[in-house]
1. Roll a 1.4 Å probe over the protein chains and send me the accessible area per residue for segment 13-70 in Å².
2. Under the Karplus relation 6.51 cos²θ - 1.76 cosθ + 1.60, θ = phi - 60°, what is the ordered set of whole-Hz ³J(HN,Hα) values for segment 21-37, x standing for Gly and Pro?
3. Kindly sort TYR8, TYR162 by accessible area of their heavy atoms, largest first, with the probe set to 1.4 Å.
4. What number, rounded to the nearest 500 deg cm²/dmol, is the helix-based mean residue ellipticity at 222 nm of the chain, given -39500 (n - 2.57) per DSSP H run of at least four residues and division by all its residues?
5. Read phi for every residue in segment 44-51 and hand back ³J(HN,Hα) as whole Hz from Karplus 6.51 cos²θ - 1.76 cosθ + 1.60, θ = phi - 60°, with x for Gly and Pro.
6. What does the charge dipole of segment 3-162 about its Cα centre add up to, to the nearest 20 debye, if the Cβ of each Lys and Arg holds +1 and the Cβ of each Asp and Glu holds -1?
7. What part of the accessible area of segment 3-162, given as a whole %, is carbon or sulfur when the probe is 1.4 angstrom?
8. Quickly work out the LYS150-to-GLU104 label distance, labels modelled 7 Å from Cα along the C-beta direction, and quote it in nm with one decimal.
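The values are calculated or read from the model by the stated rules, or taken from the named source; none is laboratory data. All values derive from a computational prediction rather than experimental measurement. FYI the Cβ positions are ideal-geometry reconstructions off the backbone, even for glycines, and counts take in every protein chain you see. Surface areas here come from the heavy atoms of the whole protein model, side chains and all, with no ligands, DNA or RNA. Shrake-Rupley method; radii C 1.70, N 1.55, O 1.52, S 1.80 Å.
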Amino acid sequence: MDSSEAIYNGLKDAGINFIVSVPCVNLSKLLNLIDEDKEITHIPVTREEEGIGICAGAYLGGMKPAILMQNSGLGNSINALKSLIELYKMPLIMIISHRGTEGENISGQVPMGISTPRILESMDFPFFTPGKPEGAYEAIRPSWELSCDKSKPVSILLEIKYW
């Protein structure tokens, strides 16, 4: 299994059937796999907080949602995550391409890359940082279960070296 297939298979095994995404080069192969799957509804969006709102509606409509985005989008979506998803106790998996980590070529990504884990910790949102495809695959189902149990978002941070 390569890195994208591992995430895709993990999402399928967890029963995730509704995915919102914001474009990211690291997620492109995964997004192609999702687009080819007729059992998954995929909604591309331009802003992360828009995607959070759509995921909330999907959950209320009986779907199992996930959002795929870069960690820079975490900053854009903090209010929607806290005042919508957490307040109304909705589960959500966030698959996050963690830019600004070791191997990053764009210096503007580094400050948010450093801050991302601390931001998630300060919001009291659990997260996992699998380093290999097998770890990502194995983390997704328990992440969904934890998100349902805690009624809050759970993230899977995928650093540059993961890809």
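1. 45 Å²
2. With the stated coefficients, segment 21-37 comes to 9, 10, x, 7, 4, 5, 8, 4, 5, 4, 5, 5, 4, 5, 4, 7, 8 Hz.
3. TYR8, TYR162
4. -14000 deg cm²/dmol
5. x, 10, 9, 9, 5, 5, 4, x
6. It works out to roughly 220 debye.
7. Percent of accessible area from carbon and sulfur atoms in segment 3-162: 52.
8. 2.3 nm
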